[in-house]
Amino acid sequence: MIIKQPSPGIKLLQTAALYRRTAKYFPQWPVIEDDFGRLKAGYKGEVSLLYELNMLPKNSHTSLFDIRLTNNQNYFFQTDVCFITKSFALIMEVKNISGKVYFDLYDQMIRYKKDGTEECFPDPINQVMIQESHFRKWLEQMKWTLPVESIVVFTNPQTIITFSDTYNPSLRLKVIRKRILPLKIQDLSKKYKSELLTDKELKKLTYQLLKFHTEPSPNALEHYKLKSTDILSGVQCPICLHLPMRRTFGKWFCEHCCCFNATAHKAAFQDYGLLIDAHITNRQAKELLHLESASITKRLLKEMQYPIEGKGNSIKYKIKQQSDFSI
């Protein structure tokens, strides 16, 4: 049973907002574009894994995506998928990479792109083994006794996977394609036949994973060394991404592709909340949307049904984030 579904996560949402609202002439733009593509691919890879996980008997396991825990409150670690049964736990590192990948002996995985260029990543086998070690310690800390295994799952069926001739053969077995994930879990079930947890204990462990999960709180502007004034304001066209749209006849009009949209301002509020501040005043919203009318701005804010803080001229609206918005 999938208890915690895959979600874009705050880092992807912030990077997506920067991708839309950073001028391409900024020196940070290529890095933002690359990070956005990588994070989006990772999220899609996790989503694609739902098919294989849903093939498994629903009451035989619990699956949690993107669990972030801490050991002794001083070091955070995050797993792509935490798969728990009554007999064992399985930590999965999910990779959605196109082209050809090569595992060398220097703690790196090299990706060969179709255009002939190369890209280097940390070896995901070592990554997932470190996560496995951290999770084992977390279980011990929580007084659970359960064997832990780990694998790297490639979700793109077109990926060509190769290894150095002298790469450890036993570690190669940790790399699988997603279509054989059910068979891998079946093999592990045969390896670990003894049930160490009752149904009640499995639910309790799953509850603890959710309870101790901590969402990250990244600051995208700080990470990319940008200022709030570097962020492009205005309502963005959802069709062609032109900035800004113009308010006319109660709708937003794009002068670039000539489309109308009644709700395009919602994305502007979301981006503001992701990048600038979780609270917004009527004056700030008016500047953000490039509106001349304070009353129209106030009405649009009220329609969003954001919680209101303060009174009179000090009123602020708390922007509620939608985890699946605009990626």
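The values are calculated or read from the model by the stated rules, or taken from the named source; none is laboratory data. Bear in mind that the values here come from a model prediction, so they are computed numbers and not experimental data. Neighbour counts run over all protein chains shown; Cβ positions are idealised from the backbone, glycine included.
Laid out as a table, the results:
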read-out	value
Residue satisfying all of: in the stretch 72-122; closer than 15 Å to Thr162 by Cβ and within 20 Å of the chain's Cα centre (by Cα); surrounded by the most Cβ atoms within 10 Å (Cβ to Cβ) among these	Lys95
Whichever residue in the stretch 92-112 is free of Cβ contacts under 8 Å to residues at least 40 places away in the same chain and assigned to a loop (DSSP other than H, G, I, E, B) and, among such residues, is farthest from Val152 (Cα to Cα)	Tyr106
Answer from Leu69, Leu146, Leu64 - the residue that is in contact with a Ser or Thr (Cβ under 9 Å, 6 or more places away or on another chain), in the same structural domain as Glu46 (by TED's automatic domain parsing), farther than 26 Å from Leu12 by Cα and of a type in the set (A, V, I, L, M)	Leu146
Yes/no for Leu171 being at pLDDT 95 or above, over 18 Å from Arg68 (Cα atoms) and over 22 Å from the mean Cα position of the chain (by Cα)	no
The lone exception for Arg179 - which of (1) touching a Pro at 6+ places or on another chain (Cβ under 9 Å); (2) in a strand (DSSP E or B) it fails	(2)
Any hit, the stretch 267-283, residues being over 30 Å from Asp66 (Cβ atoms), of a type in the set (Val, Ile, Thr) and touching a helix residue (DSSP H, G or I) at 6+ places or on another chain (Cβ under 7 Å)	no
Selection from the stretch 165-198 of residues that are of a type in the set (D, E, K, R) and touching a strand residue (DSSP E or B) at 6+ places or on another chain (Cβ under 9 Å)	Arg172, Lys174, Arg177, Lys178, Lys184, Lys191
Tally, over the stretch 210-251, of residues that are modelled with pLDDT under 95, loosely packed, with under 11 Cβ neighbours inside 10 Å and on the phi > 0 side of the Ramachandran plot	2
Scope the stretch 183-202; condition surrounded by 13 or more Cβ atoms within 10 Å (Cβ to Cβ) and in a helix (DSSP H, G or I); matching residues	Lys184, Ile185, Leu188, Ser189, Glu201, Leu202
Single condition Tyr207 does not satisfy, out of (1) surrounded by fewer than 16 Cβ atoms within 10 Å (Cβ to Cβ); (2) part of a strand (DSSP E or B); (3) not β-branched (Val, Ile, Thr)	(2)
Test result for Val31, assigned by TED's automatic domain parsing to the domain that holds Lys178, part of a strand (DSSP E or B) and of a type in the set (A, V, I, L, M)	no
Unmet criterion (only one of (1) within 29 Å of the chain's Cα centre (by Cα); (2) under 24 Å from Glu93 (Cβ atoms); (3) assigned by TED's automatic domain parsing to the domain that holds Ala23) for Tyr192	(1)
Residues being over 25 Å from Leu202 (Cα atoms), touching an Asp or Glu at 6+ places or on another chain (Cβ under 8 Å) and either part of a helix (DSSP H, G or I) or free of Cβ contacts under 8 Å to residues at least 40 places away in the same chain (or both) - total across the stretch 126-174	2
Subset of the stretch 273-327 [buried (at least 17 other Cβ atoms within 10 Å of the Cβ) and in contact with a His (Cβ under 8 Å, 6 or more places away or on another chain)]	Leu289, Leu300, Lys316, Tyr317, Ile319
The stretch 21-40, residues that are surrounded by fewer than 17 Cβ atoms within 10 Å (Cβ to Cβ) and in contact (Cβ under 8 Å) with a residue 40 or more places away in the chain	Ala23, Phe26, Gln28, Val31
Residues satisfying the stated conditions in the stretch 128-168, i.e. under 25 Å from Phe77 (Cβ atoms), among the aromatic types (Phe, Trp, Tyr) and surrounded by fewer than 19 Cβ atoms within 10 Å (Cβ to Cβ)	Trp144, Tyr167
